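Please treat every number below as a calculation from the coordinates, not as lab data. Quantities reported herein were computed from a predicted structural model and do not represent experimental measurements. Cβ placement follows ideal geometry from the backbone for every residue including glycine, while neighbour counts extend to all protein chains displayed.
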Ligand code: SF4
Ligand code: SF4
């Protein structure tokens, strides 16, 4: 026992968080909590299993796996941060309006009763006041405000008031103001100038070249969205505002991801390209737009990464966007405060009926009497919620993907078996890993073997503790 490597446990059983991933004739030993990825073979895995799990003392075997044991012992990787006590918001989100000038086939944000509601200036100012004072109390340096919709720039006056007020209050509190807008870019030249003059980063939804963009993202007035969206993208790319391009990938566009990447990189030089899967609904199905095949998506994602490398552009998918272990890959569980035009304060920007259908309550407070009223109890409830995802218990993506969307993927009572999202995410995880350890040849063979790919993507447990089950 005394010879066993000490793996610092803190609140976790780190042996439980060691994963074994079969790749071709190799095996990867992966510890997300220790930031260790080791390409090894079956013998080394069996020695590791005997030593750490069966606790067998054998000096010859131990010597053979010394490098891995030492790496585990020496790594000082931080465990995921856990907010505690009063809210420590990830950012302040403002939804100036739920209305939108777009009519994307896959969007289910439409809500007739709320379409024309616009956030009052008073509400935006009260939320910013609260956030600035909270950041100061927490000794933070930044005042970070994100604008979502609908289409936030459909209420440009609210965005303008919020930005100018936040700059003023940030100056008073000695904070650095930071603004991010998620937009369709279908705006006037005047609003574009406001964005490039005042906003730090733009997340622009642009699904690809003309035929794809116009097919997937028509405008509400039946006109094509391609030209105005591209005009906006060019203006942002020529400014000091950072450009993140977000493309929703469907069955129609999945094979064209490399072409989209090349065009994005050459034309707009974005900081980030974010490829997300279309989530099908009635509107998308009626338009012939379905979710992409997860294996095809993963393969095209790799081709896109290879192209973007040449331009030094980052390509990501939200399931594998974090470098650090986390309990949640979305705003939920991170004390995020997103204020709606009606004065609700939620952790998720979806319409409440979407999460209520899943038996979830992602609200955390209300704007009342000109101020933010946050429920500490609800904040604590969401911090707790994100740690309970039975499906993820034995998956090696547990600490990075961390369960994905709490409404669409790992809602309470969701099936424990992997769905297409999981299959795709697990392969993206391998792509990410193999690129980090610079093994392109092994990765190509892995991706080219469909049978192996499918078997791997559905492997129920990746844990070293379950290694004997794999082998039987
Ligand atoms: S089981 Fe699915 S949702 Fe959970 S961590 Fe793995 S890939 Fe993500
Ligand atoms: S729960 Fe889903 S929709 Fe809501 S913020 Fe998280 S990822 Fe986004």
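Against the main long axis of the alpha-carbon atoms of the chain, helix 189-198 sits at an angle near 50°. Compared with the dominant principal axis of the Cα atoms in the chain, helix 257-268 is inclined by about 50°.
Counting only DSSP beta bridges whose two residues both lie in the range 92-377, roughly 25 percent are antiparallel.
Just rank 238, 344, fewest to most, by other beta-carbon atoms within 10 angstrom.
238, 344
Put the Cα centre of the range 119-195 next to the Cα centre of the range 231-308 and the gap is 27 Å.
Counting other Cβ atoms within 10 Å as a rough exposure proxy, the listed residues 236, 416 run 416, 236 from fewest neighbours to most. Judged by the mean number of other Cβ atoms found within 10 Å, the most tightly packed of the peptides 227-234, 36-43 leads the ranking 227-234, 36-43. Here the Debye sum runs over all C-alpha atoms of the chain as equal scatterers in vacuum, and log10 of I(q)/I(0) at q = 0.09, 0.10 Å⁻¹ comes out as -0.65, -0.80.
Taking the helices alone, the chain has a mean residue ellipticity at 222 nm of -11000 deg cm²/dmol, built from -39,500 (n - 2.57) per DSSP H run of at least 4 residues and averaged over all its residues.
Rounded to the nearest 10 degrees, the angle from helix 376-385 to the longest Cα principal axis of the chain is 40 degrees.
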